[in-house]
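Every number in this text was worked out from the coordinates using simple rules, so none of it is lab data. Quick caveat: nothing in here was measured; it's all calculated off a predicted structure. We place every Cβ from the backbone using ideal geometry, glycine too, and count neighbours over all the protein chains shown.
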Amino acid sequence: MRKNPRRTGRVFPSASSSFSWPRWFAVVAAVVAVAAAATAAPDTTGDDGGVLDGVFTFKALQLYNAVTSYLEYFYDTVIAPITGGAPSSKPKPSRVSYKKFQLLRVLPSDEDDVVDLEALSEEPGVQVWMPIRLNKTADLLLPPSVARDVKRFLTQREIDFVILSSDLERSISKQNPRSPSPSQKSELKATKGHLMTWNRYHRYQEILDYLMYLSEHYPHLVELLPIGKTTEGRPLKVVKISSGQTRENVVKPAIWIDAGIHAREWISPAVALYILRQLVENKSYRALVSQVDWYILPVVNADGYEYTHTTDRLWRKSRRMPIESGRTLWGGMSYGCEGVDLNRNWDWHWGSVGASQDPCDDTFAGSHAFSEPETRAVSDFILDHRDRIQLYLTLHSYSQMWLVPWSHTKKRADDYDDMMYLARQATEAIQKVHGSQYQLGTSPSLLYATSGGSDDWAKGKAGIKYSYTIELPDKGIYGFMLPADKIVPTGKELFTGIKSIVKSIVKINSAMTNKTNNISIE
Ligand SMILES: [Zn+2]
């Protein structure tokens with residue numbers, strides 16, 4: 001999950017329809033830069049000049065992007081206002097096609113394989129979905145231009161692989177059933193009051209409409225709390241589910257669930273909405289709601305989520321525009337890539353490990369901790385309610401894992417055993433539903449070390465003892481393209497796991513409260 005499938009800037013920009021000397025200057029300068037970089041770029045992939053045959057090195061392409069974007073920015077901000085020329089604003093990107101992109105599962109069986117695969121992952125266009133580790137499977141997404149060469153390379157190096165998908169676009173088109181027609185929509189709205197279902201993945205506005213519906217139909221249970229806006233101005237609304245206080249002077253524990261920090265992980269908001277619906281619309285869970293308050297934010301990265309629906313199904317980051325990042329070519333950063341990885345942007349060992357300073361990388365941590373409105377809004381809210389929130393859950397996909405802090409270090413937290421005890425209860429409860437097994441452990445032990453993640457921050461900075469990242473199904477057959485008919489079974493399983501943890505937290509809380517009350521009486 002380390003590289004963008006393509007650069008978001010233009011690798012080979014299309015010719016402008018009208019003559020513009022600054023743009024010609026930009027193109028000429030960029031070509032010179034590419035030629036220089038292609039000559040000077042150090043060969044890091046071996047004696048034969050690279051893993052795959054290619055004209056340009058990755059670094060040359062980055063530099064090309066950087067130069068053209070910077071000069072274009074210079075033209076827009078300095079030249080165009082003087083000459084009255086039209087800004088060189090980029091046309092709205094058309095939908096990205098993954099036609100004939102192949103998804104491969106590879107198994108490195110010795111250190112040489114790992115080195116080869118890591119070099120391969122640096123090739124332009126190759127995307128790593130699951131990390132490359134010895135004796136563990138990893139998933140690689142290959143554009144058609146390199147697929148044959150990569151497979152030949154793997155065969156030559158005797159690295160085992162299987163093809164999970166020979167045409168990712170086909171998997172994408174099968175994932176989500178068609179949206180209802182306008183007449184069907186108005187019929188649904190008239191009968192149900194909203195368009196939400198749990199057999200398809202919905203657009204953000206439909207999700208917001210459903211939240212509004214819940215707050216209007218269950219006013220004594222549901223409250224919408226606006227906590228801020230995304231980069232592109234979409235509202236972020238936390239759903240508070242509460243039956244009010246039970247007894248005077250007894251503060252109920254609260255549970256926080258967020259989802260959709262990573263845009264392409266569609267199952268995560270869908271499952272959060274499933275849980276939300278059960279808590280509000282299923283009367284058999286009233287006892288659960290009376291014992292704890294729930295705060296649920298179904299889509300943190302709403303801009304990125306929308307972008308995955310409209311433009312690029314595999315987008316992961318936020319939609320922060322590069323010019324706003326304030327980074328310059330002279331600061332050593334490439335210029336012209338969009339988005340920040342919102343799960344590397346939290347103020348906890350920010351930028352120390354498993355996060356990138358390159359805006360073009362999928363794990364770009366942002367210009368500084370909490371540089372993004374989405375992470376600021378959520379963290380401010382959590383800090384305001386930290387005394388009551390006793391469980392922090394953040395939903396991601398895929399790989400079917402229940403991750404406990406820390407992610408930034410291999411050192412165990414002091415209360416690691418306590419966290420593992422409740423997490424084990426949850427995963428055992430999940431397994432009883434449909435037999436699904438979630439792996440349990442820290443991110444460095446199961447995946448890789450990362451920093452600036454929300455679960456570590458929730459524990460380390462906000463002081464929430466039980467803090468977990470949940471990687472939802474599957475284990476990689478569908479990956480991010482998990483079909484919509486898996487929403488309900490996945491939601492059922494996770495809700496069962498969460499209920500088991502919440503019961504334990506209620507018990508712990510009531511024991512603590514009684515103890516405190518006893519002490520105060522004495
Ligand atoms: Zn994720």
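Counting every other Cβ atom within 10 Å of each residue's Cβ, Arg320, Arg412 order from fewest to most as Arg412, Arg320. Per-residue Cβ neighbour counts within 10 Å put Leu395, Leu494, Leu446 in the sequence Leu446, Leu395, Leu494, beginning with the fewest.
Spatially, region 377-435 and region 461-496 are offset by 12 Å when compared through their Cα centroids.
Distance between the C-alpha centres of region 172-205 and region 119-169: 36 Å, rounded to the whole angstrom.
Between the beta carbons of Met321 and Asn199, assuming R0 = 35 Å, the FRET efficiency works out to 0.50 to the nearest 0.05. At an R0 of 25 angstrom, the distance between the Cβ atoms of Glu428 and Ser284 translates into a FRET efficiency of 0.70.
Please work out, to two decimal places, the log10 of the ratio I(q)/I(0) at q = 0.14, 0.19, 0.20 Å⁻¹ from a Debye calculation in which every Cα of region 343-495 carries one identical scatterer. These q points yield log10 I(q)/I(0) values of -0.72, -1.24, -1.32. Relative to the Cα centre, the charge distribution of region 114-243, modelled as +1 at Lys and Arg Cβ and -1 at Asp and Glu Cβ, gives a dipole magnitude of about 500 debye.
Temperature 4 °C, viscosity 1.567 mPa s: under these conditions the Stokes-Einstein estimate for region 102-172, based on its Kirkwood radius over C-alpha pairs, is 108 µm² per second.
Model label points for Leu107 and Lys151, set 7 angstrom from Cα along the Cα-to-Cβ axis, are 1.9 nm apart. Taking the fewest neighbouring Cβ atoms within 10 Å as the starting point, the ordered list for Asp160, Asp149 is Asp160, Asp149. The charge dipole of region 102-172, taken about the Cα centre with unit charges on the Cβ atoms of Lys, Arg (+1) and Asp, Glu (-1), comes to about 320 debye, rounded to the nearest 20.
Classify region 418-468: rounded, prolate or oblate, from the alpha-carbon gyration tensor (a ≥ b ≥ c, eigenvalue square roots; a/c under 1.5 rounded; otherwise prolate if a/b is larger than b/c)? Oblate, since a/c reaches 1.5 and b/c is not below a/b. In this calculation the C-beta distance from His220 to Val251 is compared with R0 = 22 Å, giving a FRET efficiency of 0.70.
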